[in-house]
Amino acid sequence: MAIDWKKEAAARKENFLADLTELLKIDSVRDDSKATTDAPVGPGPKKALEAFLALGERDGFVTKNVGNLAGHIEYGDGNETMGVFAHVDVVPVGTGWETDPFSPVIKDGRIYARGSSDDKGPGVAAYYALKMIKDLDLPVSKKIRFIIGTDEESGWMCMDHYLANEPIPDFGFSPDAEFPIINGEKGILTVYVNTKGDNKGGKNKLISFDAGLRENMVPQDATAIFTSEEAEQIEKDFYDFVEVSPITGTIKVEGTDVTIEVGGKAAHGMAPHLGVNAGTYLAAFLNEYSFGGDAKNFLQLTADYLHEDTKAEKLELNYIDDVMGDLTMNSGVFTFTPEDGGVIAVNFRFPKGVTPEGIEIKMESKLAEFGVTLSRGKEQLPHYVSAEDPLVKTLLDVYQRQTGLEAHEQTIGGGTYGRLLERGVAYGAMFPNSIDTMHQANEFMAIDDLMNAMSIYAEAIYELIK
């Protein structure tokens, strides 16, 4: 029978927005300071997971909580299992919000809240697509598991735990990127650049330097506290620096004690060129003055090799693959104190043709003069599903049929749960004309985009499991 998917989605709009609003009210930022055995990444992500599973229970699905780290909502039966992967954790709020990030506001056809676009909005839209199939009692020949994670924005502890305890689906998608499809994802690697903490020599002593909230976010704010024998000159120069730079800033001088705060622009770490890195701007400014020892090394390597270089050209790591595009670099988190030394988390998104080992070897060579040590965080290799795969073809066909827009393969620098499966991709929910506010202040998602995504998801899921 012919199904008007858009009409079916529209009929569920009021209930969809009500359920999404309740989920968006939950502060589900990972909080290790409050982590327990019962809440491994903190109480917020656990609460959001429970709330999502409760939707499935209410609507008559089979649900399972897997260690308060992940869970699934299950429907249908068959020899193959399709997975739809979403996450309920969100990145930290940061500054610059015009509304309470956990009190959703609908304005001008948009819903504003942290997680509205990444990934609670798309996740609930995909859940409602599955619910639509169940409501219509459509015949299915495969099992589908809607899998919910709680640690996608950090270490993926949730999926490590889930896949260690549950069978991996045969194919599927994650509603956590953009249409028409993401069938290629770059590799992801964070390299930690470590310095010691002395201030030997110099007219200025760096007491602390802090910037950034997460490795996968461009730092929006940065603060440096130091003592200075040239405070008056630095104060004058700082105002001149702000005037000619794409930042905001304040400086407070009390005798020889100086505090500088810089404001930039947050952006997703996969597209650092869209942000303004407050950390590198602050370091570049301070590097012009007399700091000594490890403090000088910390500032200088940032200014010389990380500032205004999102393609790592100064580190001689710039590389472009014909299919997957170029390597990008985001300097996401900076910390320095004399007691603990300095750490800079440098997050790379790299195409095939580049290896984690190659990145580390080149960084060791280029940064050797600063006496640093390097360590690696979790790494993920590039992922690609052929455009000829039936999964990719089906998803593109549905997108083109419903939108009338060109359907084509593409690669991103982001890392989604799609890469968990050999035949896994990311699919929506942003459209080519959507405004991307992921990981930014005043995050929002256009409600029309969510409703259109719901319609596309419903038809796509049904085509894949019927």
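Assuming a viscosity of 0.890 mPa s and a temperature of 25 °C, what translational diffusion coefficient in µm² per second does Stokes-Einstein assign to the range 9-78, Rh being the Kirkwood radius over Cα pairs?
D = 185 µm²/s.
Once the C-beta distance of K252 and I435 is scaled by a Förster radius of 56 Å, the resulting FRET efficiency is 0.95 to the nearest 0.05.
Under 8 Å for C-alpha pairs, at least 6 residues apart: give me the relative contact order for the range 136-230, rounded to a whole percent. The partial results should precede the final answer.
Working: 55 pairs, mean separation 16.7, N = 95.
18 percent.
Per residue, the average separation of C-alpha pairs within less than 8 Å and at least 6 apart gives the range 188-380 a relative contact order of 33 percent.
When N is the residue count of the range 188-380, what does its C-alpha Rg come to as a fraction of 2.2 N^0.38 Å?
So the Cα radius of gyration is 1.00 times the expected 2.2 N^0.38 Å.
Computed from point charges on the beta carbon alone (+1 for Lys and Arg, -1 for Asp and Glu), the dipole magnitude for the range 188-380 about its Cα centre is near 480 Debye.
When the C-alpha to C-alpha distance is required to be over 26 Å, the pairs from K64/K107; K134/K393; K34/K265 that qualify are K64/K107; K34/K265. Its relative contact order, with pairs defined as Cα atoms under 8 Å and 6+ residues apart, puts the chain at 23 percent. Computed 3J(HN,Hα) for the range 316-324, one whole-Hz value per residue from the Karplus formula 6.51 cos²θ - 1.76 cosθ + 1.60 where θ = phi - 60°, is 6, 10, 5, 7, 10, 9, 4, 9, 9, glycine and proline marked x.
Extension gain, E369 to K196: 0.36 nm times the residue separation minus the Cα-Cα distance gives 60.9 nm. For L315, no residue whose modelled amide H falls within less than 5 Å of its own remains once neighbours fewer than 5 places apart on the same chain are excluded.
The label-point distance for E98 and A35, in a model that sets each label 7 Å from Cα toward Cβ, rounds to 3.6 nm. With a simple spin-label model that places each label point 7 Å from the Cα along the Cα-to-Cβ direction, the separation between E422 and E57 comes to 3.6 nm. Per-residue ellipticity at 222 nm computed for the chain from its helices equals -9000 deg cm²/dmol, with DSSP H segments shorter than 4 residues left out and the rest contributing -39,500 (n - 2.57). Restricting attention to the chain, close to 80% of DSSP beta bridges with both partner residues there are antiparallel.
In this simple spin-label approximation, K378 and S141 carry label points 7 Å from Cα along the Cα→Cβ vector, and these lie 3.6 nm apart.
Looking at the chain, the pairs of alpha carbons with a distance over 37 Å make up 29% of the total. Which FRET efficiency value, to the nearest 0.05, is calculated for T337 and N165 with the Förster distance at 45 angstrom and r the Cβ-Cβ distance? The calculated FRET efficiency here is 0.65. The phi-based Karplus calculation (6.51 cos²θ - 1.76 cosθ + 1.60; θ = phi - 60°) puts the 3J(HN,Hα) values of the range 69-82 at 10, 7, x, 9, 10, 10, 8, x, 8, x, 7, 10, 10, 9 Hz, whole numbers, x for Gly and Pro. When only alpha carbons are used to place a centre, the range 270-341 and the range 384-433 end up 32 Å from one another. Just want the ordering: M157, M132, from fewest to most Cβ atoms lying within 10 Å of their own Cβ. By the 10 Å Cβ count, ascending: M157, M132.
Potential lengthening of the chain between T403 and S245 amounts to 52.8 nm, from the contour at 0.36 nm per residue minus the alpha-carbon distance.
Values in this text are rule-based calculations from the coordinates and carry no lab data. Here the structure is a predicted model, which means the values were calculated and not measured. A quick note on method: Cβ atoms are made from the backbone with ideal geometry, for glycine too, and the neighbour counts reach across all protein chains shown.
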